[in-house]
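Q: Below is a structure I'd like to ask you about.
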Amino acid sequence: MDLTTRIGPLTLKNPFIAASGCFGYGVEYADVVDLASLGALVVKGLFLAPREGHPPPRIVETPSGMLNAIGLQGVGVHRFVEEHLPVLRGRHAVTIVNICGSSVEEYAELARILSDAEGVAALELNISCPNIKAGGIQFGCSLVGTRDVVEAVRRATRLPIIPKLTPNVTDVASFARAAEEAGADAVSLVNTFLAMAIDVETRRPKLSNVMGGLSGPAIRPIAVRMVYECRQLVSIPIIGMGGIASAADAIEFMLAGANAVQVGTANFVDPFIWTRLVDGLRAYMARHDVARAADLVGAVDLGAGARR
Amino acid sequence: MRNLSIQPKVGHDTRAPSILLHAGTGGGHRTRPVYWPHMPLDVGAAVIATTRLSGDYNILTLDAPAIAAAAAPGQFVMIRTSAGSDPLLRRPFSIFEIVRDARGTPAAITILNKRVGVGTSRLACAREGDRFDVLGPLGRPFTPAAPPAEAWLVAGGVGLAPFATLAEALASLGTSTTLFYGARRAGELFRTEIFERLGVRLALATEDGSRGDRGLITVPLDRALAARGAAPVRLYACGPTPMMRAVAERAAAHGLACEVSLEQTMGCGLGGCYSCVVRVRGADGAPHYVRSCINGPVMDAASLVWEGLGH
């Protein structure tokens, strides 16, 4: 049974990737799970400089989901390279670094620094964080901005680059195509949905940042639809995510067109989810006589009467 | 928290699941831990007993011997209160007691539950035989004071929760210990006999004066501070933020070491989500957000920035 999946030049041992912002810098989980057993892990979004992030409360639960407005608290790229990357390397983790800039130049500079560091498998371009004022989503909400960031990073590095797309646009597939045309090796989607929750007793927003990003099972059907739409328009690999909490959820994304998947919020609930996901995928493949996980990608059966 | 120093009561638990690290090791040795000297375990724990203390409070006894064996005083567990996705996230609870069998082997843990929301209501209504996923032990534990120092434990309401295990550790060190315990009324001062059995002196206060001093717990605490002898005192506080802050201010004024156990909204309990942050002053004197799940829940009161701290 072949669980491997290819993301551009990368071959992952299985399609399960820990999502950025939900797995710290990976090192937090080094004593909890075998990092090398994951397809890959994506570390928390990094700017050049350290960032404090937003004041608490930073998360709030909503029906089958949660809002977060962490505000990209982070140690900055230099401390990551010096302190955390060697640990990840020592554990043989396939490390994808999520980078975020307030300018196109900052993305390119981050890409250059990380290209020189040993143990970085790929870069995920955060052009979709809904929680910060400057940087990130300002690029991800404009086709020109998306193209500019991807092209600048493409010129700065030979590492595989994976723009992470926001669902907070009218037509996410057009952004996937813009990324593909600009030289992206793959796209990942979706980041969180911009959302808000209010305490009716106090009339105060439940997050200090007022708005935050919605994740968890609540968003899964919308994310599946968006992956499906992107699959119709691009030929580069797609990494799907949004509320995946079981192997069946992951397979749903793969059938919609995802070559690999990321798991975020579910890791908070069950940090040992990874073996369950691999076992579940194997069981499904055995039951359905599928030899290669890659054969599931885009294999949704629309039937004769489907309109699309 | 790379210098995390956890001194567990027992050696490494051999019942740990087989998800131990093997990457980068030679000769079968475990890789040096990054954060956790003991890998946290996720146990599908049956409810052995549930004891109702009042309309809002109950004690749940959970069949989690591996967690009980590995736990250090002041550590916590994350409990999943629903098998589905509502509520989605686990809830943090201090390990209240380590229950031992006739031979003294850790057999179970208890938690002190206060009904405040959906998740704690489920635990309030739990019945014997119900199962909950319990992840732990987690977090940085207390540093128990050793003689000749005395230990003064200051608890407010459900803030009693981390102190039973601490009192046990202090008793085994032979440390003279006092529990200052405050609540709204006498009916909400729970399980004081646990502490009396360990030889802990009690100083109680209730807001309505129904037991102990009338008023806040700072009433007997201030009296004790004024009368204290030459022995150094180490303070420990857990309860509402204003109470912990009041204790921390007195510790600073009297030049006493003070540890507080914080409870912030937590997403994961493992350092993955960055939601449970509190501000501490670093070496540069400037405040920085740190995660209370892995840099805490027990923190040095002197380093904490109290302004803006929730709860």
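The values are calculated or read from the model by the stated rules, or taken from the named source; none is laboratory data. Note that the coordinates shown come from a computational prediction; the quantities given were computed from them, not determined experimentally. FYI the Cβ positions are ideal-geometry reconstructions off the backbone, even for glycines, and counts take in every protein chain you see. To get the accessible areas, we keep the full protein, side chains included, count just its heavy atoms, and leave off ligands, DNA and RNA. Shrake-Rupley method; radii C 1.70, N 1.55, O 1.52, S 1.80 Å.
Q: Go through the stretch A:72-114 and flag every residue whose accessible area shrinks by 40 Å² or more with all protein chains in place compared to the isolated chain (probe 1.4 Å).
A: The answer is A:73, A:91.
Q: For chain A, which span is the longest to avoid every loop-located (per DSSP) member of GluC sites (Glu not before Pro) having at most 10 other Cβ atoms inside 10 Å?
A: By the stated rule (loop sites, at most 10 other Cβ atoms within 10 Å), A:1-117.
Q: Net charge near residue A:44: determine it from the other residues with C-beta under 15 Å of the C-beta of residue A:44, scoring Lys and Arg +1 and Asp and Glu -1.
A: Net charge in that neighbourhood comes out at +1.
Q: Would you kindly calculate the mean projected area, averaged across all directions, of the convex hull enclosing the Cα atoms of chain B, in square nanometres?
A: On the way: hull surface 69.6 nm².
The directionally averaged projection comes out at 17.4 nm².
Q: I've got another one for you. Give me the net charge for the shell around residue A:258: Cβ to Cβ below 10 angstrom, other residues only, Lys and Arg +1, Asp and Glu -1.
A: 0
Q: Ok, one more. Using DSSP loop states and a limit of at most 11 other Cβ atoms within 10 Å to flag trypsin sites (Lys or Arg not before Pro), what is the longest stretch of chain B containing no flagged site? Kindly include the intermediate steps, with their values, before the conclusion.
A: On the way: sites that count: B:2, B:15, B:103, B:127.
Formally, the longest exposed-site-free interval is B:128-311.
Q: Label chain A by shape, choosing from rounded, prolate and oblate, from the square roots a ≥ b ≥ c of the eigenvalues of the Cα gyration tensor; if a/c is under 1.5 it is rounded, and otherwise prolate applies when a/b is larger than b/c, oblate when it is not.
A: Since a/c stays below 1.5, the shape of chain A is classed as rounded.
Q: Just name one of A:174, A:163, A:102: the one whose Cα is farthest towards the positive end of the charge dipole of chain A (beta-carbon charges, Lys/Arg +1, Asp/Glu -1).
A: Most positive-ward Cα: A:174.
Q: Can you give the Rg to Rh ratio of the protein assembly as shown, both from alpha-carbon atoms, with Rh computed by the Kirkwood formula?
A: Radius of gyration relative to Kirkwood radius: 1.00.
Q: Same structure, new question: What whole number of Å gives the distance from the Cα centroid of the stretch B:199-251 to the Cα centroid of the stretch A:1-75?
A: 43 Å
Q: How would A:302, B:262 line up by accessible area, probe 1.4 Å, largest first?
A: Correct descending sequence by accessible area is A:302, B:262.
Q: Can you list, largest first and rounded to whole Å, the semi-axes you get for the stretch A:178-305 by taking the square root of 5 times each eigenvalue of its Cα gyration tensor?
A: Numbers: eigenvalues 177, 76, 35 Å².
One finds semi-axes of 30, 20, 13 Å for the stretch A:178-305.
Q: If you take every residue apart from residue B:304 with its C-beta less than 9 Å away from the C-beta of residue B:304, what net charge results, scoring Lys and Arg +1 and Asp and Glu -1?
A: +2
Q: Turning to a different aspect of this structure: Going 7 Å from the Cα of residue B:101 toward and past its Cβ, which residues in the stretch B:39-75 have a backbone nitrogen under 19 Å from where you end up?
A: What the label zone holds, given the 19 Å backbone N cut-off, is B:43-49, B:61-71.
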